[in-house]
Amino acid sequence: MSLITVRPEGLYCEVGNFYIDPWKPVDTALITHAHADHAYTGHQTYYATAISEGILRRRLGKDINLCGVNYGHRIKIGPTWVSFHSAGHVLGSAQVRVEYKDEVWVASGDYKRGIDPSCDPFEVVECDTFITEATFGLPIYHWDSGEITTEQIYRWWQSDLTRPSLLFCYAFGKSQRVLAELTKFTDRPVYLHGAVHNLTEIYREVGIDMVPTIPVSSMEKSYKFIGDLVIAPPSGHRSTWMKRFKQPQTAFASGWMAVRGNRRRRGYERGFVLSDHADWPGLIQTIEQTKAKTVYVTHGQNDVLARYLVEKKAIQASPLETLFEGEKGDSVDV
């Protein structure tokens, strides 16, 4: 019997009678992280990492019945033992380890292997069965470090100080990563769209070091933002909000910028390849390090990665269809 299966509500552990990142209301939900395709409203009881509580309450409601669990702490749900282990994706993100008798499964949620000063690093968790994401599950995806890419962002900003520089990236996770990486290059304040500002304050509350930030909304209407860096979610691009900035230079930070033509199709002047998901080498490395004998591959290029694991690595692998979406746009990673 599979310890975790897919039901209409989401990933389900029948033995423990709980769901992992369910997309329909259930009694007991274990949440890997607070992005919108993993954390839904309507559950009776939530379990998540303690450090993610502030983000989850802001996004799902301050009165949700939430049990915060420290990384690595084992809790018993029914006859199963469950623990959360860092996924390195965003603040509070976790893999969920489920142990029953002599069997161990790990559901990865979303994860990345690169160093990120805005969240805890990825922890390798050995298991019998690994459920992995595959948002960027193609060999074309290889990431530079966040520091290298943020230096590119900083140099782009400094290359034209005669107009505002608008950087569009996801409001939760990507924006704070850029703000934390920028401390290596500057102490100048960065201006934030309201959606980014609200979540950034939660990062500050748990001690994440970032450059100074100022909400755009706090500035006088006459302020021109000349030579300033402004960070906003993709939903702000070409919106009425942008009318406040006169002839800005624009850029988008995303893993999708690795694909030629995406920047042009999305209407940005510049694209920076920066993702909070594992690239192809990171996916393969992680799967091998878990020592899992069976691998299920969710969202993204799940069929490609599963086939590669079977044919090249002799690992029993197959796609697993879910409603997780990965890094697709404002509806997911805002």
Self-check item: Part-to-part distance (alpha-carbon centres) for region 4-72 and region 130-180, which is given in Å
Solution: 28
Quiz item: What translational D, rounded to a whole number of µm²/s, comes out for region 9-123 from Stokes-Einstein when the hydrodynamic radius is the Kirkwood one over Cα pairs, at 37 °C and 0.692 mPa s?
Solution: 236
Self-check item: Whole-angstrom Cα spans of region 18-63 along principal axes, big to small
Solution: 22, 17, 16
Quiz item: Relative to the Cα centre, what is the charge dipole magnitude of the chain, using +1 at the beta carbon of each Lys and Arg, -1 at the beta carbon of each Asp and Glu, and rounding to the nearest 20 debye?
Solution: 1240
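Which order results if E53, E151 are arranged by neighbouring Cβ count within 10 Å, fewest first?
Details: E53 19, E151 16.
Ordered by Cβ neighbours within 10 Å, fewest first: E151, E53.
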Quiz item: Once a ≥ b ≥ c are taken as the square roots of the eigenvalues of the Cα gyration tensor of region 146-272, is the result rounded (a/c under 1.5), prolate (a/b larger than b/c) or oblate (a/b not larger than b/c)?
Solution: rounded
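Need one number for the chain: average projected area of the convex hull over its C-alpha atoms, nm². Don't jump to the answer; show the numbers that get you there.
Numbers: hull surface 65.8 nm².
Over every viewing direction, the Cα hull of the chain projects on average to 16.5 nm².
Quick check: from the Cα gyration tensor, does region 181-233 come out rounded (a/c under 1.5), prolate or oblate? Don't jump to the answer; show the numbers that get you there.
Numbers: a/c = 2.36, a/b = 1.34, b/c = 1.76.
Oblate is the answer for region 181-233, as a/c is 1.5 or above yet b/c matches or exceeds a/b.
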Exercise. Using a Förster distance of 25 angstrom, determine the FRET efficiency expected from the C-beta separation of I75 and Q316, and round it to 0.05.
Key: 0.30
Practice problem: Bin all alpha-carbon pair distances of region 54-97 at 5 Å intervals from 0 and give each bin's fraction as a whole percent. | Solution: 5, 20, 23, 23, 21, 7, 1
Practice problem: Enter the angle in degrees (range 0 to 90, nearest 10) between the Cα long axis of helix 302-313 and the first principal axis of the Cα atoms of the chain, meaning the one along which they spread out most. | Solution: 60
Self-check item: Over region 146-272, relative contact order from alpha-carbon pairs under 8 Å, at least 6 apart, %
Solution: 35
Quiz item: E9 to V259: extension gain in nm, 0.36 nm per residue of separation minus the Cα-Cα distance?
Solution: 86.7 nm
Exercise. Neighbouring Cβ atoms within 10 Å as the yardstick, rank T298, T129 fewest first.
Key: T129, T298
Exercise. Please give the calculated 222 nm ellipticity per residue for the chain, where each DSSP H segment of at least 4 residues contributes -39500 (n - 2.57) and the sum is spread over every residue; nearest 500 deg cm²/dmol?
Key: -6500 deg cm²/dmol
Quiz item: Hey, which lysines would be in cross-link range of K221, C-alpha to C-alpha under 17 Å, not counting anything within fewer than 8 residues on its own chain?
Solution: K243, K246
Self-check item: Fraction in percent of alpha-carbon pairs per bin - 10 Å, region 88-207
Solution: 11, 35, 31, 16, 5, 1, 0
Practice problem: With a Förster radius of 25 Å, plug the Cβ-Cβ distance of R238 and R155 into 1/(1 + (r/R0)^6) and report the FRET value to the nearest 0.05. | Solution: 0.50
Self-check item: From phi via Karplus (6.51, -1.76, 1.60), per-residue ³J(HN,Hα) for region 132-142 in Hz, x at Gly/Pro
Solution: 10, 6, 8, 3, 10, x, 9, x, 6, 8, 9
Quiz prompt | lysines with Cα under 28 Å of K291, excluding same-chain neighbours fewer than 8 positions away | solution = K76, K101, K112, K312, K313
Self-check item: DSSP beta bridges in the chain [antiparallel fraction, %, rounded to 5]
Solution: 35
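What ratio of Cα Rg to 2.2 N^0.38 Å holds for region 140-186?
On the way: Rg = 11.5 Å, N = 47, 2.2 N^0.38 = 9.5 Å.
In units of the 2.2 N^0.38 Å rule of thumb, it is 1.21.
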Exercise. Inverting the mean 1/r over all pairs of different Cα atoms, compute the Kirkwood radius of region 201-327 and quote it in Å.
Key: 18.4
Quiz item: For region 58-94, list residues with backbone N below 18 Å from a point placed 7 Å from the Cα of E201 toward its Cβ?
Solution: 58-63
Quiz item: How large is ³J(HN,Hα), in whole Hz, for each residue of region 267-282 in order, when computed from phi with the Karplus curve 6.51 cos²θ - 1.76 cosθ + 1.60 and θ = phi - 60°, using x for Gly and Pro?
Solution: x, 9, 6, 9, x, 10, 7, 9, 10, 9, 10, 5, 7, 4, x, x
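Where a number appears in this text, it was derived from the coordinates with a stated rule and is not lab data. Just so it is clear, the structure is predicted and the values come from calculations on it, not from any experiment. With ideal geometry, Cβ positions are generated from the backbone for all residues, glycine too; neighbour counts draw on all protein chains shown.
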